Amino acid sequence: MNRMKKLIKSSMLKGTVFLCIILIITGLVKPSHASAQVSILSHIGYWDALGILHIDGEVKNTGDVPVNLVKLTATFYDSNHVFIAQRSGGTFLKVILAGRKSPFSIWLEEGASSVRNYTLDVTFNAYPQGRPLGLEIPSSSWHVNTFLYIDGQVKNIRTTTATDVMVAATFYDSYGWVTGVSSSSSVPSNINPNQVASFNLTFMQLDLFSYITRYSLTAESNEYEIIPEFPINMIAPLLITLTLFVVLMKKRKDIHKH
């Protein structure tokens with residue numbers, strides 16, 4: 001009888017210890033939940049030839065779910081940190097998949113010449129359904145002819161039509177900071193399955209050309225996102241092209257002088 005009591009007590013003790021271990025583990029190990037997060041990576045402010053202030057930059061989806069409705073808000077101040085204006089703009093990509101980047105651009109016209117500082121804020125929505133990959137850029141090339149141009153092709157690799165296709169470029173300096181952005185000006189609205197369409201982009205800020213060392217391209221349609229692209233290094237040929245361009249311009253001025 002005593003032996004039976006000892007066995008029961010032993011079993012109860014083991015059960016209690018096991019239950020405590022389970023409670024401790026479940027208390028320490030919390031279930032993981034998908035989260036949405038967008039970070040501003042870098043940006044640049046500059047005035048164009050018309051005196052319009054541009055804020056060009058890049059954001060990254062640092063969460064683990066796709067996001068949409070990403071909006072950047074810039075607040076502009078003068079040299080005394082007095083408020084001048086506030087402007088908002090969306091990212092070039094309407095949907096940003098987890099781990100992906102998108103360029104953005106915000107403009108200010110009235111009061112732009114008085115701006116000496118600005119701040120940026122970002123808002124966004126989680127978009128768990130995302131979009132499938134269905135676009136790729138088989139080729140692209142660039143050249144300088146007064147402005148910086150990028151020509152290329154975008155392909156629909158899926159089985160349904162890609163509509164409202166957009167291609168964008170982000171330009172970087174040697175440190176990886178954004179030096180400017182541009183979006184496509186001539187992509188056909190729709191691209192049929194397994195078809196290729198041409199695009200071109202223009203970057204017109206001459207005083208920033210010398211800082212650009214590489215660029216990356218991204219694309220999107222209402223149905224698809226792009227297969228990830230690798231940044232394209234362009235520092236050596238760009239320096240050569242800019243040197244030739246400066247030499248030609250100097251020769252033209254010398255000819256006009258004579």
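General observations
- Annotation note: of Asn156, Asn190, Asn145, the sole residue that is over 16 Å from the mean Cα position of the chain (by Cα) and crowded, with 19+ Cβ neighbours inside 10 Å is Asn156.
- Exactly one residue out of Pro188, Pro228 is in a loop (DSSP other than H, G, I, E, B), closer than 22 Å to Ala98 by Cα and at pLDDT below 95, and it is Pro228.
- Residue match in the stretch 188-199 (condition: within 19 Å of Asn233 (Cα to Cα) and not assigned by TED's automatic domain parsing to the domain that holds Pro66): no
- Meets criteria (exposed (fewer than 15 other Cβ atoms within 10 Å of the Cβ), outside the structural domain of Ile55 (by TED's automatic domain parsing) and among the small types (Gly, Ala, Ser)) for Gly176: yes
- Filter result for Lys9 (farther than 20 Å from Glu220 by Cα, among the charged types (D, E, K, R), loosely packed, with under 10 Cβ neighbours inside 10 Å and modelled with pLDDT under 95): no
- If only residues of the stretch 107-145 that are free of Cβ contacts under 8 Å to residues at least 40 places away in the same chain and not assigned by TED's automatic domain parsing to the domain that holds Asn68 are counted, the one that is farthest from Glu223 (Cα to Cα) is Asn145.
Yes/no matrix, rows are residues, columns are (1) within 27 Å of Glu109 (Cα to Cα); (2) small (Gly, Ala, Ser):
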| residue | (1), (2) |
| --- | --- |
| Ile40 | yes, no |
| His43 | yes, no |
| Asp48 | yes, no |
| Gly51 | yes, yes |
| His54 | yes, no |
| Gly63 | no, yes |
| Val67 | no, no |
| Val70 | yes, no |
| Thr73 | yes, no |
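- Applying a threshold of 8 Å to beta carbon distances and a minimum spacing of six or more residues, or different chains, the list of pairs starting in the stretch 81-94 at a residue that is buried (at least 16 other Cβ atoms within 10 Å of the Cβ) and ending at one that is not in a strand (DSSP E or B) reads Ile84/Asp78; Ile84/Gly111; Ile84/Ser114; Ile84/Val115; Ala85/Glu110; Ala85/Gly111; Leu93/Arg100.
- Close pairs from the stretch 208-230: first not assigned by TED's automatic domain parsing to the domain that holds Arg100, partner assigned to a strand (DSSP E or B) and of a type in the set (Asp, Glu), Cβ under 6 Å, at least 6 apart: Ile227/Glu136
- Within the stretch 45-67, residues that are assigned to a strand (DSSP E or B) have Cβ atoms under 7 Å from residues that are loosely packed, with under 14 Cβ neighbours inside 10 Å and of a type in the set (A, V, I, L, M) in no pair, counting only partners at least 6 apart in sequence or on another chain.
- Any chance Val144 is touching a Gly at 6+ places or on another chain (Cβ under 6 Å) and under 22 Å from Asp56 (Cα atoms): no
- Of all residues in the stretch 53-76, none satisfies the criterion of being touching a helix residue (DSSP H, G or I) at 6+ places or on another chain (Cβ under 7 Å) and exposed (fewer than 14 other Cβ atoms within 10 Å of the Cβ).
- Checking each residue in the stretch 139-159 for being within 25 Å of Pro66 (Cα to Cα) and either outside any loop (DSSP other than H, G, I, E, B) or out of contact with any Phe, Trp or Tyr (no Cβ under 9 Å at 6 or more places or on another chain) (or both) picks out Val154, Lys155, Asn156, Thr159.
The values are calculated or read from the model by the stated rules, or taken from the named source; none is laboratory data. Keep in mind the model is a prediction, meaning the values are calculated, not measured. Cβ atoms come from the backbone with ideal geometry, glycine included; neighbour counts cover every protein chain shown.
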